[in-house]
Amino acid sequence: MNRTLYGNLIFELSKDGRRGYSLPINQFGDFELPAELRRGEDACLPECDELTVVRHYTNLSNNNFGVDTGFYPLGSCTMKYNPKINEEVAAMPQFQSIHPEQPAETTKGALALIECLEHALCQLTGLAHFTFKPYAGAHGELTGLMTIDNYHRSRGDVSRKKVIVPDSAHGTNPASAAVCGYEVVEVKSLADGTVDVDDLRRVVDEQGPEIAAMMMTNPNTLGLFEYRIPEIAEMIHGCGGLMYYDGANLNPMLGACRPGDMGFDVMHINLHKTFSTPHGGGGPGSGPVGVREGLQEFLPFVSPYNGNYAVMMKAYAYILSLGKEHIGMVGPLATLNANYVKESLKDVYELPIDSLCCHEFVFDGLKDKSTGVTTMDVAKRLLDYGYHAPTIYFPLLFHESLMIEPTENESKETLDGFVEVMRKIAEEAINDPDTVKTAPHDTPIGRVDDVLAAKHPVLTFKQLRDEQD
Amino acid sequence: MSFKYFPHTEEELQSMLEKSGVDSLDGLYAQIPESIRFKGEYDLPSERCEMEVRALFQRLADENQQLTCFAGFGAYDHYTPSVIPNLLSRSEFLTSYTPYQAEISQGTLHYIFEYQSMMAELTGMDISNASMYDGATATAEAMMMAVAAGKKVNKVLVSEGINPKTMDVVRTYALHKGIDVVAVPLKDGVTDLDAVRQNLSEGGVAGVIVQQPNVLGIIEDFSGFADACHGQKALFVVNSVAADLALLKTPAEWGADIAVGDAQSLGIPLQFGGPYLGYMCTTEKLMRKMPGRIVGMTRDNRGQRAFVLTLQAREQHIRRQKATSNICSNQSLMALFVTVYLSLMGKEGLKEAANLSYAGAHYLCQRLTETGRFRLAFDKPFFNEFFVRYDGDADALYQRFIDAGMLGGVRYEDGFIFAVTEKRTKQEIDNLVKIAAL
């Protein structure tokens with residue numbers, strides 16, 4: 001990563017009369033869109049030659065940090081390595097050129113791949129069927145809840161309008177429930193970080209006939225396995241509800257435990273987490289939804305075709321590369337890496353729940369709170385040392401959450417290097433707190449003014465230019 | 001256990017286990033009840049080396065038939081300049097996450113700002129979000145946004161001019177959210193304004209959704225629509241094929257409050273349905289009602305211009321169940337795709353590609369109707385897609401096209417909806433006509 005800001009916008013490199021394209025000559029004769037159907041003014045797009053465009057985006061990329069740049073311990077995001085062979089096969093022209101309306105007999109290979117991937121996901125999760133229509137994790141959650149809603153409706157069970165969500169859940173869980181027309185009932189966590197089963201029992205006793213489903217991620221967002229899951233599932237099933245598994249944290253379960261066996265009925269998988277497809281700066285992902293036998297007829301129509309097909313291809317290439325021989329090692333190694341980092345740092349960072357974790361764990365900031373150095377400061381200082389920051393201020397259970405997920409691909413040297421820097425920052429917090437509080441220093445830009453951005457929104461180049469005039 | 005994606009040596013494994021306070025990998029899972037531990041073997045293929053993975057995909061690839069594409073119906077076979085896949089494969093873009101840490105994500109934040117600027121230009125609207133999944137889900141989000149922006153209204157009018165698959169997605173979202181979708185029929189191939197007015201006058205309408213060009217390829221005249229909507233405090237939502245906006249009157253010119261659609265037509269490969277790119281643009285007035293990520297300009301503490309995710313108080317990770325949308329990620333890499341595409345094409349190239357597509361489609365239509373077997377279903381202007389009725393066995397002809405290596409449009413009623421892009425040569429079109437005329 002280049003530590004100097006490049007900073008240009010493509011519009012600022014534009015010169016009238018330059019062109020970055022070449023197109024065939026019109027051989028069709030004079031056909032022109034009638035004037036009355038035309039826009040009044042051309043869209044003001046940049047005019048650049050090809051090399052200018054290539055350099056511009058190359059320079060921009062140099063101000064970006066990816067998994068290939070360095071360690072990316074962003075909790076809950078499973079920033080694992082994105083194998084290069086996956087990219088190559090997904091770009092094969094005989095897949096890329098398929099129109100989604102093409103008849104099935106001309107797309108046999110593409111359809112066979114969907115079948116193989118479905119089979120693999122069923123094996124790994126213990127569920128019976130998958131739909132690939134959902135484009136992302138949040139889209140998968142919504143699809144899963146719609147499935148559950150369709151199921152209850154089919155039984156004439158229309159009074160079930162509530163979904164139970166633990167207070168440690170990802171923000172998308174309650175939001176997806178609301179978009180699906182559900183009311184959210186929150187249950188608390190115990191001091192050990194797992195769901196308060198007594199609180200849950202109270203909710204079920206009081207509101208059982210209104211409960212459509214319970215959404216859980218297991219291990220939860222603290223990286224802790226909800227060991228009372230069989231009891232929880234029994235309770236929800238007992239009141240007529242279904243169990244929804246948020247697959248965001250599926251990675252440590254490969255080789256260890258399957259959501260279907262835990263008692264879940266419906267789940268989504270983030271292929272861009274557990275199955276190594278790149279996050280792409282925030283998409284495209286893929287959020288296939290799996291269901292237990294008997295629920296497939298309730299899967300909704302949430303996108304026109306096969307979802308993000310090219311992303312699915314990458315996930316299948318990953319599964320093939322690992323095979324049944326190695327895929328079961330993903331969970332244990334991811335879990336080992338997380339526990340190793342946790343144990344190596346818990347004397348200087350506050351570990352609110354000291355137990356074995358799965359793929360990730362959460363510190364509540366520095367142990368020594370007297371320095372005034374916050375989780376935000378630690379995160380920003382990490383950037384100076386060439387690491388991406390962990391997830392910060394989530395989950396909401398602690399004030400100074402610092403959520404670390406190393407993934408199975410990271411070597412002991414990488415983890416040791418990270419541990420060393422985290423310890424160094426803890427020392428700096430005592431000896432040189434100002435350096436930490438004003439970090440980062442060695443990045444293309446310093447801390448940004450978020451308030452200015454929100455109070456006085458400038459969201460387009462046109463607004464920026466109007467501003468300057 | 002040694003494997004190319006796992007760096008742990010046996011020695012390291014032991015020392016790490018020790019540090020973790022367990023004596024085996026199994027011990028790490030002590031908290032999982034025995035009864036639900038997975039003990040079996042997955043019924044999965046054996047590991048493949050890289051050569052074998054490549055060969056297996058090649059075998060599957062060979063089972064797909066590559067067809068010369070004359071189909072559209074929401075997904076268009078436009079040309080992808082070679083610069084784009086090259087730049088998209090830069091792993092600093094590809095392997096990064098959502099740009100939460102602005103200090104090391106200026107690359108992503110810059111291009112999203114450029115993307116927002118370009119989409120706002122293309123649609124004529126004030127602002128854009130950082131992108132959505134696809135055109136269909138963006139339309140469903142627009143519906144929810146209209147309902148959230150209104151006061152105690154939960155009815156949305158949707159023209160039957162929108163793609164039926166978009167309609168199905170919209171209906172799915174509406175069913176669960178409790179929104180009442182009323183379909184407005186087409187009259188002579190275009191949305192019936194009288195029916196829109198009639199429905200609006202009954203009250204309770206949050207928004208009216210139309211598509212341009214519509215599902216039959218017809219360029220609709222939306223004069224009077226925005227006024228009719230605004231007179232009843234409803235929002236006017238226009239779903240457009242992004243590439244066609246190079247030439248067509250913009251959603252803003254039609255008075256739209258929300259412009260949505262799919263930007264796949266800006267050079268994104270067909271790839272069996274995805275990933276594509278949904279876009280959403282709106283007015284400054286509705287800015288805080290818009291779902292999805294938004295990037296804004298600000299300053300850093302060194303006085304430099306910088307870009308950052310902003311207006312996050314709208315979003316699910318802050319508002320949880322009170323957010324109007326559950327959308328979390330965007331389709332960032334596809335937004336980069338479109339940004340590079342529009343940078344290369346510029347305003348002239350985009351118009352030129354649109355003109356070529358327009359000309360090719362009109363040439364094909366003319367040639368087909370000259371055969372005497374086809375007639376344009378409606379005497380209405382179209383862009384690069386059109387619906388023709390056929391006086392023979394359309395299914396048989398569709399198969400003949402395939403046998404000749406062509407995807408002869410999309411079968412529709414007693415005929416075909418054909419689409420042409422700048423990729424189709426005169427020879428390819430003449431070949432199609434030759435088969436059609438048999």
Listed by range, helices (runs of 4 or more DSSP H) wholly within segment B:55-123 having at least 1 residues that are surrounded by fewer than 24 Cβ atoms within 10 Å (Cβ to Cβ) are B:83-88, B:91-94
When segment A:74-96 is checked residue by residue, the ones that are more than 21 Å from the chain's Cα centre (by Cα) and open to solvent by 40 Å² or more (accessible area, probe 1.4 Å) are A:E88, A:A91, A:P93, A:Q96
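Residues that are modelled with pLDDT of 95 or more, of a type outside the set (K, R) and open to solvent by less than 10 Å² (accessible area, probe 1.4 Å), at least 2 per element: which strands (runs of 3 or more DSSP E) completely within segment A:161-254 meet that?
Fully inside segment A:161-254 and qualifying: A:162-166, A:211-216, A:242-247.
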Checked pairs for segment A:42-63, first among the aromatic types (F, W, Y), second open to solvent by 10 Å² or more (accessible area, probe 1.4 Å), C-beta under 8 Å and 6 or more apart or across chains, list as A:Y57/B:R90
Out of (1) polar (S, T, N, Q); (2) assigned to a loop (DSSP other than H, G, I, E, B); (3) more than 7 Å from every other protein chain (Cβ to nearest Cβ), the one B:Q14 does not meet is (2)
Flagged pairs (Cβ under 8 angstrom, 6 or more apart or on separate chains; first in segment A:129-140, closer than 15 Å to A:Y244 by Cα and at the interface with another protein chain (Cβ under 10 Å from one of its Cβ atoms); second of a type in the set (F, W, Y) and in a helix (DSSP H, G or I)) are none
Residues of segment B:311-324 being in a loop (DSSP other than H, G, I, E, B), under 23 Å from A:D167 (Cβ atoms) and open to solvent by less than 30 Å² (accessible area, probe 1.4 Å), in sequence order, are B:E315, B:A323
Of A:G7, A:G40, the only residue that is more than 29 Å from B:S91 (Cα to Cα), surrounded by fewer than 20 Cβ atoms within 10 Å (Cβ to Cβ) and at the interface with chain B (Cβ under 8 Å from one of its Cβ atoms) is A:G40
- Message: Is it the case, given these coordinates, that A:P288 is farther than 26 Å from A:S159 by Cα, within 10 Å of another protein chain (Cβ to nearest Cβ) and open to solvent by less than 10 Å² (accessible area, probe 1.4 Å)?
- Response: no
On the given criteria, is B:M144 hydrophobic (A, V, I, L, M, F, W, C), facing another protein chain (nearest Cβ under 9 Å) and either open to solvent by less than 10 Å² (accessible area, probe 1.4 Å) or in a helix (DSSP H, G or I) (or both)? yes
Taking segment B:179-204 and the residues there that are β-branched (V, I, T) and assigned to a strand (DSSP E or B), the one that is surrounded by the fewest Cβ atoms within 10 Å (Cβ to Cβ) would be B:V182
Only one of (1) open to solvent by 10 Å² or more (accessible area, probe 1.4 Å); (2) within 26 Å of the chain's Cα centre (by Cα); (3) modelled with pLDDT of 95 or more does not apply to B:G392, and that is (2)
Flagged pairs (Cβ under 8 angstrom, 6 or more apart or on separate chains; first in segment B:47-61, more than 7 Å from chain A (Cβ to nearest Cβ); second at pLDDT 95 or above and in a loop (DSSP other than H, G, I, E, B)) are B:Q58/A:M92
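Here is a list: B:L248, B:L336, B:L266, B:L286. Which entry is within 19 Å of B:T139 (Cβ to Cβ), buried (at least 24 other Cβ atoms within 10 Å of the Cβ) and among the hydrophobic types (A, V, I, L, M, F, W, C)?
The match here is B:L266.
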Given (1) surrounded by fewer than 24 Cβ atoms within 10 Å (Cβ to Cβ); (2) of a type outside the set (D, E); (3) under 19 Å from B:A30 (Cα atoms), A:L299 misses just (3)
Considering residues that are over 28 Å from the mean Cα position of the chain (by Cα) and within 23 Å of B:A138 (Cα to Cα), the number found within segment B:201-227 is 1
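Okay, residues lined up against (1) at the interface with chain B (Cβ under 7 Å from one of its Cβ atoms); (2) under 30 Å from A:I236 (Cα atoms); (3) within 19 Å of the chain's Cα centre (by Cα):
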| position | (1), (2), (3) |
| --- | --- |
| A:L254 | no, yes, yes |
| A:R258 | yes, yes, no |
| A:P278 | yes, no, yes |
| A:L299 | no, yes, no |
| A:G331 | no, yes, yes |
| A:V341 | no, no, no |
When every residue in segment A:10-37 that is small (G, A, S) and surrounded by 15 or more Cβ atoms within 10 Å (Cβ to Cβ) is compared, the one farthest from the other protein chains (Cβ to nearest Cβ) is A:S14
The residue from A:M1, A:M92 that alone is outside the structural domain of A:E405 (by TED's automatic domain parsing) and within 28 Å of B:C328 (Cα to Cα) is A:M1
Filtering segment B:147-178 down to residues that are more than 13 Å from chain A (Cβ to nearest Cβ) and open to solvent by 10 Å² or more (accessible area, probe 1.4 Å) yields B:A149, B:G150, B:K151, B:K152, B:V153, B:K155, B:E160
The residue that is farthest from B:A136 (Cα to Cα), considering only those in segment B:318-358 that are more than 7 Å from chain A (Cβ to nearest Cβ) and of a type in the set (F, W, Y), is B:Y341
By my count, helices (runs of 4 or more DSSP H) wholly in segment A:39-154 with at least 3 residues that are in contact with a His (Cβ under 6 Å, 6 or more places away or on another chain) are A:137-154
Screening A:S411, A:S401 for residues that are within 10 Å of chain B (Cβ to nearest Cβ), closer than 27 Å to A:M79 by Cβ and among the small types (G, A, S) leaves only A:S411
When A:E325 is run through (1) surrounded by 22 or more Cβ atoms within 10 Å (Cβ to Cβ); (2) in a helix (DSSP H, G or I); (3) touching a Phe, Trp or Tyr at 6+ places or on another chain (Cβ under 9 Å); (4) within 12 Å of chain B (Cβ to nearest Cβ), the failure sits at (1)
I'd like to check something: does segment A:134-147 contain any residue that is closer than 26 Å to A:G282 by Cα and open to solvent by 20 Å² or more (accessible area, probe 1.4 Å)? no
Residue set A:G290, A:G283; condition within 18 Å of A:G140 (Cβ to Cβ) and within 17 Å of the chain's Cα centre (by Cα); output residue A:G283
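For every residue, the table says whether it meets (1) closer than 20 Å to A:T274 by Cα; (2) of a type in the set (F, W, Y).
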position	(1), (2)
A:E325	yes, no
A:D347	no, no
A:L356	no, no
A:F363	no, yes
Within segment A:161-173, can one find any residue that is within 14 Å of another protein chain (Cβ to nearest Cβ), over 24 Å from the mean Cα position of the chain (by Cα), touching a residue at least 40 places away in the same chain (Cβ under 8 Å) and over 28 Å from B:R37 (Cα atoms)? yes
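The values are calculated or read from the model by the stated rules, or taken from the named source; none is laboratory data. Quantities reported herein were computed from a predicted structural model and do not represent experimental measurements. Note: ideal-geometry Cβ built from the backbone for every residue, glycine included; neighbour counts use all protein chains shown. Each accessible area value is taken on the protein alone, full model and side chains, heavy atoms only, with ligands, DNA and RNA left out. Shrake-Rupley method; radii C 1.70, N 1.55, O 1.52, S 1.80 Å.
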